[in-house]
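K.L.:
The structure is given below, and queries will be raised subsequently.
The values are calculated or read from the model by the stated rules, or taken from the named source; none is laboratory data. For clarity, every value in this text was computed on a predicted model and none was experimentally measured. Every residue, glycine among them, receives a Cβ derived from its backbone with ideal geometry; neighbour counts consider all protein chains shown.
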Amino acid sequence: MLRVLHILLWVAAIPFSFSACQGKNKTTINVTCAPRFEQRGDFVYLVIRDSIHSYEVGYSMPPRVVFLPVSLDTNRIYTFTISEKPLKGTKFKSSTVLRVQADEKVIYDEEICEVHHTRMQQKKVPILYGLLMRSPDEPPWEDEQKLFPHRNEVVSGGCCPLPEKTEIIYLCNQCKMAYEQWRKQHPSTRK
């Protein structure tokens with residue numbers, strides 16, 4: 001039985017972030033299973049299912065967008081730590097992959113920056129709704145994801161506004177410094 005409907009809120013303007021689920025009624029669950037991937041339109045979903053729980057989490061939007069930066073083998077067993085919380089104002093729940101373990105070794109942890117391998121800090125940031133456009137002076141999407149994926153102090157909420165105005169996300173200080181270096185190397189073209 002599918003217990004969670006995962007709503008994927010992503011707009012090309014600002015990188016989607018899987019953030020720590022904070023607040024009331026948060027539940028953390030461990031699911032041990034082999035992952036499955038399902039292509040639906042432009043999205044690839046990671047299906048995490050055992051005899052009790054079933055989750056579908058946005059994994060990627062090929063070829064250039066990856067929501068969960070970890071490679072998974074469908075022939076291997078992993079332990080997924082999932083956090084779920086009710087989506088305010090709806091009957092649905094949002095699920096977030098917090099950690100992935102293979103043979104008891106952590107291979108993904110949402111608190112650790114996948115680029116700089118440092119523990120990140122949590123911060124409450126605003127959620128912006130609507131179709132957001134990247135400035136021409138901003139780095140290309142691919143560069144941002146490879147060099148400083150956790151520097152944005154804002155979250156894209158997608159095109160459908162929900163009651164939430166803020167969200168707690170992980171920010172990497174080294175990502176912020178890498179972005180500042182990039183800015184110095186790529187001065188603004190605006191006058």
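K.L.:
Report, by residue number, each residue of region 51-65 that is part of a strand (DSSP E or B) and at pLDDT below 85.
P.N.:
Matches in region 51-65: Val65 only.
K.L.:
Across region 10-50, what is the total count of residues that are in a loop (DSSP other than H, G, I, E, B) and at pLDDT 95 or above?
P.N.:
Filtering region 10-50 for residues in a loop (DSSP other than H, G, I, E, B) gives 10, 12-13, 15-26, 34-35, 41-42, 50.
Then drop every residue that is not at pLDDT 95 or above, which leaves 34-35, 50.
Here the count works out to 3.
K.L.:
For region 41-68, which residues satisfy the criterion of being exposed (fewer than 12 other Cβ atoms within 10 Å of the Cβ) and either in contact with a helix residue (DSSP H, G or I) (Cβ under 7 Å, 6 or more places away or on another chain) or among the aromatic types (Phe, Trp, Tyr) (or both)?
P.N.:
Pass one, region 41-68, residues exposed (fewer than 12 other Cβ atoms within 10 Å of the Cβ): 41-42, 51-52, 62-64.
Result: Arg64, single match.
K.L.:
State the number of residues belonging to region 94-128 that are out of contact with any Gly (no Cβ under 8 Å at 6 or more places or on another chain), touching a residue at least 24 places away in the same chain (Cβ under 8 Å) and not acidic (Asp, Glu).
P.N.:
So the count comes out to 20.
K.L.:
Now, a different point. Does region 167-186 contain any residue that is over 23 Å from Pro69 (Cβ atoms), surrounded by fewer than 16 Cβ atoms within 10 Å (Cβ to Cβ) and of a type in the set (Asp, Glu)? Talk me through it step by step, then tell me what you get.
P.N.:
First, the residues of region 167-186 that are over 23 Å from Pro69 (Cβ atoms): 183-186.
Filter once more, so that each one left must be surrounded by fewer than 16 Cβ atoms within 10 Å (Cβ to Cβ): 183-186.
Restricting the remaining residues to those that are of a type in the set (Asp, Glu) gives none.
No; the residues of region 167-186 include none that is over 23 Å from Pro69 (Cβ atoms), surrounded by fewer than 16 Cβ atoms within 10 Å (Cβ to Cβ) and of a type in the set (Asp, Glu).
K.L.:
Additional query: Does Ser71 satisfy being without any contact (Cβ under 8 Å) to a residue 24 or more places away in the chain and either surrounded by fewer than 19 Cβ atoms within 10 Å (Cβ to Cβ) or not β-branched (Val, Ile, Thr) (or both)? Let's see the steps before the verdict.
P.N.:
Numbers: without any contact (Cβ under 8 Å) to a residue 24 or more places away in the chain: yes; either surrounded by fewer than 19 Cβ atoms within 10 Å (Cβ to Cβ) or not β-branched (Val, Ile, Thr) (or both): yes.
Yes, satisfied.
K.L.:
To continue, here is another question. Can you pull out the residues in region 86-95 that are part of a strand (DSSP E or B) and either of a type outside the set (Lys, Arg) or within 14 Å of the chain's Cα centre (by Cα) (or both)? I'd like the intermediate steps shown before the answer.
P.N.:
Initial filter on region 86-95 (part of a strand (DSSP E or B)): 86, 93-95.
Listed by number, the residues that qualify are Pro86, Ser94, Ser95.
K.L.:
Under 8 Å between Cβ atoms, at least 6 apart or on separate chains: pull out the pairs that start in region 147-160 with a residue that is within 11 Å of Leu171 (Cβ to Cβ) and end on any residue that is among the aromatic types (Phe, Trp, Tyr).
P.N.:
Phe148/Tyr179; Phe148/Trp182; His150/Tyr170; Arg151/Tyr179
K.L.:
I need the full set of residues from region 69-112 which are within 27 Å of Cys175 (Cβ to Cβ) and either aliphatic (A, V, I, L, M) or touching a helix residue (DSSP H, G or I) at 6+ places or on another chain (Cβ under 6 Å) (or both), in order please.
P.N.:
Val70, Leu72, Ile82, Val97, Leu98, Val100, Ala102, Val106, Ile107, Ile112
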